[in-house]
Amino acid sequence: MTIQWRRALSLDGGIIDDDHRHLIGIINRFERDADGEDPRLPAFHALVDLKHYARVHFRREERLMRDVGYPQDRLREHQARHRELEARIDMLIQHFDTSIDADDFHEVTWEISDLLKHWLLEHIVKADLPIKPYLKRRRREASAPLAGTPSGGTP
């Protein structure tokens, strides 16, 4: 099943959404290619892509959360989820590196697929979308006229 980007997944209309679209591309490519004759190469590519994606995207998203005034306790919880996902990717890479037979490798492939699907559904929808109101508020504040001036310019 191919996952399609939907407007309902949009967070910022910019780089974070682009990152999330990239993640959907990783998922779709893995799901398509893992059904081939030898799923080792698609699994390897998915893990390498995920490792890089997580490192770059998570730091970018956390910076956005700080910039828009996301509550500190929720930011720390979100960061903890990010670190858990990164640890799971590292575990999958280690499992991939040590899988020696078809059964081991089938298990790794299933674990990658499970991570990708749950990451998209759980993390983006349930953890990332709650950032959206803070981002909207910050944008409204940035575009509001300055107090005491009719057009927001200098008096």
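The values are calculated or read from the model by the stated rules, or taken from the named source; none is laboratory data. From a predicted model like this one, the values you see are computed outputs, not experimental measurements. Glycine gets a Cβ as well: all are built from the backbone with ideal geometry, and neighbour counts include every protein chain shown.
This table checks each residue for (1) free of Cβ contacts under 8 Å to residues at least 12 places away in the same chain; (2) part of a helix (DSSP H, G or I); (3) surrounded by 14 or more Cβ atoms within 10 Å (Cβ to Cβ).
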{"residue": "ARG74", "(1), (2), (3)": "no, yes, yes"}
{"residue": "GLU77", "(1), (2), (3)": "yes, yes, no"}
{"residue": "ARG83", "(1), (2), (3)": "yes, yes, no"}
{"residue": "ILE93", "(1), (2), (3)": "no, yes, yes"}
{"residue": "ASP97", "(1), (2), (3)": "yes, yes, no"}
{"residue": "GLU107", "(1), (2), (3)": "no, yes, no"}
{"residue": "GLU111", "(1), (2), (3)": "no, yes, yes"}
{"residue": "ASP114", "(1), (2), (3)": "yes, yes, no"}
{"residue": "LYS117", "(1), (2), (3)": "no, yes, yes"}
- Query: Take the residues of segment 1-45 that are among the basic types (Lys, Arg) and modelled with pLDDT of 90 or more: which is farthest from PRO130 (Cα to Cα)?
  - Reply: ARG29
- Item | Residue ID - surrounded by the fewest Cβ atoms within 10 Å (Cβ to Cβ), chosen from residues in segment 7-18 that are more than 22 Å from ALA46 (Cα to Cα) and among the charged types (D, E, K, R) | ARG7
- Message: Name the residue that is nearest to HIS123 (Cα to Cα), counting only residues in segment 19-40 that are exposed (fewer than 12 other Cβ atoms within 10 Å of the Cβ) and without any contact (Cβ under 8 Å) to a residue 12 or more places away in the chain.
- Response: ASP35
- Message: Condition check: of a type in the set (A, V, I, L, M) and exposed (fewer than 14 other Cβ atoms within 10 Å of the Cβ). Does ALA127 satisfy that?
- Response: no
- Query: Has segment 48-61 got at least one residue that is under 16 Å from the mean Cα position of the chain (by Cα), hydrophobic (A, V, I, L, M, F, W, C) and either within 24 Å of ARG140 (Cβ to Cβ) or not in a helix (DSSP H, G or I) (or both)?
  - Reply: no
